[in-house]
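Please read the structure below before turning to the comments.
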Amino acid sequence: MLTSGAKLGPYEIQAPIGAGGMGEVYRARDPRLGRDVAVKVLPESLAHDVERMRRFEQEARAIATLNHPNVVAVFDVGTHQDVPYLVTELLDGESVRDRLKQGPIAPRKAVEWALQIADGLAAAHDKGIVHRDLKPENLFLTASGRVKILDFGLAKLERSEPAASATATLTAGAQLNTAAGMVMGTAAYMSPEQVRGQPVDHRSDLFSFGAVLYEMLTGNRAFAGQSSVETMNAILKDEPAEIDTAQMKVSPGLERIVRHCLEKNPADRFQSARDLAFALGALSGTDTSAALRAARLPRRRLWLAWATAGAALVAAVALIFLLGRPAPRAERLAFAIPVPGEVSHMALSPDGRMLAFVSPDEASGENILSVERIGSPTAQVLQGTEGATYPFWSPDDTYVAFFADGKLKKVAASGGVPQVLATATSARGGSWGGRGILVYAPDAGGALWRVDADGNHAAPLTDKIYGKNEASHRWPVFLSDGDHFLFWSGDFANARDDRINGIYLSSLAAKDKKLVLLARSSLGYANGYLFYVADQQVLNAVPVDILQAKVLGGPRVVADGVGFQPSTYWGAFTVAENGTVVYNATSGASLSVLTWYDRTGKELGRVGDVGVLANPTLSPDGDRVTVDVTDVKANNVDIWIDDLKRNTSARFTFDPTEDVSGVWSRDASRIAFRSPVAGATMYLKKALGSEPEKPMIDASLLDGGDIIPNSWSLDDQQILCTLQPASGGSDLVLVPASGGKISLFLATKANETNGQISPDGKWVAYASNESGDWEIYVTTFPNAAGKWQVSRGGGTEPRWRGDGNEIFYVGAKGMLTAVPVNSEGTFSTGTPTPLFRIHGRAPISSTDLFTYDVAKDGKRFLVNRYAKPEQVAPLNIVLNATAESR
């Protein structure tokens, strides 16, 4: 027994916690990191017991391979003076055994805990680890309500061939094999195959799980006797006493799950912990009145109660198949989930049981990431993920990667502080492979990049296979080997030319790429099928020999009316590895409405209708405003002009693609805008619409890049634009109003965008991330000499007041901020003053540069404010999406 103050390696022993047949546990202090830990050691009397030593090393290796919130975390393994020890997280709470001393556990709470236990077991089983000693003593309830599985001291690394063999000497990389006929485990919770000394697999843990869940619900052991022999005999021959479902308020479905776990024959039980967890998830969404639970939820989460009620219906139907024997042929099942709140970008976890989704916060309108278990009555908001887009999961379902603030980040699915992995200015999707490498599209144009899961070694990946006529590599999806991946590649300047726009296959070696399918859509892959959105918003699944990049048959329609964003080629669907599909009937773009505010944030009135709007820009006289309007049904974006005096609206562009970012000339007679049609990318048109638009820049000059007009020079002879090269990033360039050659205005190793020429034509305000965060700067015009930082603590979207004496920008947390400016002689600024949070609609495209504009006098602001919809199309779940429908 170690005493307080004793040293074990670098750890200082503080007090004993407990002891068992496999070791003693102490509370200790790690002085290097300043944290308390739990240290488990073999008792001195058994330190030289070869078999115990093997099991101890087995435990260390088994737990160390796991990284799951429901399995105790291992920090260190070592030996001190021939005494081996294991260092784990120090838990605050009590064991399930301690809790059972108070009596049975309420069914709802029991299901909640059981679901966590099943998740932990699934993670272990995925790595070939069988616990073999699951019991209430080895299940710990933390003070925060999380269940942790402890003591893998009897764990066995599962082999592909299940036969037991004689115990062999343990070497590095070896596994612990139990001698044939040896009984391992605790009698009351053993599986029949353990009692018989037969080889066991992961289904043995499911039997033990059933025994634990039975005891949690009833307060009595499932199998009991006067001796261990009698108990084991009961396990082999008897059935547990019937559960009084009425008195104990245990639903029939839950009782069936318990019975299904306790089948004597392993083939008759659940065949995986994931199936078990899925069945429990159904009950967690339906065991009590969903309406009563919803009434207690905050308004922002009210829709989740309805959403998960629909998801629970899916799980309940699936439960019929899980519990029935023999299992029927897989059948395609589709369900609609009504939701009174918007969901935009989504990602199913690889196992299809968790959904990460982006939705606007009702208070701020800012996108935020949440995680929900399919069938659960609640969803967890992941704090610190404001501005999130395009989430995707780690292969083990423990992390969610996403893009925000010009960065690629990751956050634990259970919550925590997000970690920055890499820069990604205008990201277009990513994927996390089984080798610990993430592939992502950091910009709207350019090649894919790769980065390690810890944020190291960020580097271009597909740059050497980037074609001359290609404008973007985006929407990567890893295959299960962790090496090969699919992605979309195409040329936006010829968006309707499907000879090159398609889904390609490559690998981390990135030596070449193979065209798999011509398409203009993001993608998914599962069970030998490639998923994509075709014309008319149809979600198709086509059979492929994926490694040979060959299509094996015609497309199968999975769903009609799937949301699609024409500006990014993103389809509103997500696919899990098991073929489960979740899709949205809308594009996921938040609604907004143009709204006038004064400097205090008081609403003064609205302009036009609610819609999917972007880039409001006031005319110099303040009488009109251009705005990008998305026609969701037509998958098209056009510029409209709202006449503020007459209170009328008129469509300004009519091209069948994406016309955006209209910018007024100083005399308000012409409008420059971006449009990728007919081999050009930027056009000029009279504001009255009396003449056809004129092309200004030939697409060939951009070499696959994109260009967006920002501001006109004082003499209306030049237009300052944001150039997004095919290689990624963004610069500021000048384009003659008469068309012709592009000249560089400002380019650095960082990104510059949103250039705004001052009212006197001498200065340019712009946004740059040269410091690592976006800030507002000012330089001279037209020669970009000198530089002054205007914002503090972050800033985007600069706008000038009409007299040039003030600059406005959007600061941290969407705060509209004003800065006094002295531009006479030497440029200088005053202290930034926060005005109000604009609650603007989150951008969905790299062409969404502005969410507001300011009146000439600087007293009113026209904000593209997020608008909560009155009705929202439901999310839809399709199980076995590639199977035949009845």
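The values are calculated or read from the model by the stated rules, or taken from the named source; none is laboratory data. Please read these numbers as outputs of a predicted model, since none were measured by experiment. For neighbour counting, all protein chains shown are included, and Cβ atoms are generated from backbone atoms with ideal geometry for every residue, glycine included. Heads up: the accessible areas ignore ligands, DNA and RNA and are worked out on the full protein's heavy atoms, side chains in. Shrake-Rupley method; radii C 1.70, N 1.55, O 1.52, S 1.80 Å.
Taking amide H positions as modeled 1.01 Å from N, with prolines and chain starts lacking one, the residues under 5 Å from residue 426 and 5 or more places away or on another chain are 443, 444. Based on the Stokes-Einstein relation at 25 °C and a viscosity of 0.890 mPa s, and on the Kirkwood radius from alpha carbon pairs, region 758-886 is assigned a translational diffusion coefficient of 146 µm²/s. Given axes a ≥ b ≥ c from the Cα gyration tensor, I'd like to know whether region 361-471 is rounded (a/c under 1.5), prolate (a/b larger than b/c) or oblate. Taking the square roots of the gyration eigenvalues as a ≥ b ≥ c, region 361-471 is prolate. Hey, rough spin-label estimate for residue 251 and residue 238, points 7 angstrom out along Cα→Cβ, what's it come to in nanometres? It works out to 3.0 nm between the two label points. Taking a ≥ b ≥ c as the square roots of the eigenvalues of the Cα gyration tensor, region 193-289 is oblate, since a/c reaches 1.5 or more and a/b is not larger than b/c. Could you calculate the FRET efficiency of residue 654 with residue 538 from 1/(1 + (r/R0)^6), where r is the beta carbon distance between them and R0 is 25 Å, rounded to 0.05? My answer for the efficiency is 0.50. Per-residue extension of 0.36 nm, minus the Cα-Cα distance of residue 813 and residue 109, leaves a gain of 249.7 nm for this segment. Normalising the average separation of contacting C-alpha pairs (under 8 angstrom, six or more residues apart) by the number of residues puts the relative contact order of region 555-626 at 19 percent.
Grab the Cα-Cα distance for residue 420 and residue 788, subtract it from 0.36 nm times how many residues apart they are, and report the gain in nm with one decimal.
129.7 nm
By its C-alpha gyration tensor, with a ≥ b ≥ c as the square roots of the eigenvalues, how is region 585-628 shaped: rounded for a/c under 1.5, else prolate for a/b larger than b/c, else oblate? Taking the square roots of the gyration eigenvalues as a ≥ b ≥ c, region 585-628 is oblate. Remark: spin-label model distance residue 691-residue 512 equals 5.1 nm, labels positioned 7 Å along the Cα→Cβ axis.
Residue by residue, region 822-829 carries 3J(HN,Hα) couplings of 10, 10, 7, x, 6, 6, 8, 10 Hz when phi is fed to the Karplus relation 6.51 cos²θ - 1.76 cosθ + 1.60 (θ = phi - 60°); x denotes Gly or Pro. Heavy-atom accessible surface of region 660-806, averaged per residue, reaches 38 Å², computed with a 1.4 Å probe. At q = 0.13, 0.17, 0.25 Å⁻¹ the log10 of I(q)/I(0) for region 503-572 amounts to -0.37, -0.61, -1.12, computed by Debye summation with a single uniform scatterer per C-alpha, solvent ignored.
Compared with the direct C-alpha span, the chain from residue 599 to residue 265 gains 113.0 nm at full extension, assuming 0.36 nm per residue. The relative contact order of region 442-564 comes to 15 percent, based on Cα pairs under 8 Å that sit 6 or more residues apart.
For the set 410/868; 694/741; 135/264; 237/264; 410/749; 514/550, the pairs lying more than 20 angstrom apart at their alpha carbons are 410/868; 410/749.
Placing R0 at 35 angstrom, the Cβ-Cβ distance between residue 481 and residue 73 gives a FRET efficiency of 0.80 after rounding to 0.05. In this rough spin-label picture, where each label sits 7 Å from Cα along the Cβ direction, the residue 828-residue 82 distance is 7.8 nm.
Measuring nothing but how far apart in sequence close Cα pairs (under 8 Å, 6+ apart) lie, relative to its length, region 759-839 scores a relative contact order of 20 percent.
A Stokes-Einstein calculation at 20 °C with viscosity 1.002 mPa s, built on the Kirkwood radius of region 598-747 over Cα pairs, returns a diffusion coefficient of 133 µm²/s. For residue 716, the accessible surface of its heavy atoms amounts to roughly 10 Å² (probe 1.4 Å, protein chains only, rounded to the nearest 10). Distances between placed amide hydrogens fall under 5 Å for residue 556 paired with 541, 542, all partners being 5 or more residues away or on another chain.
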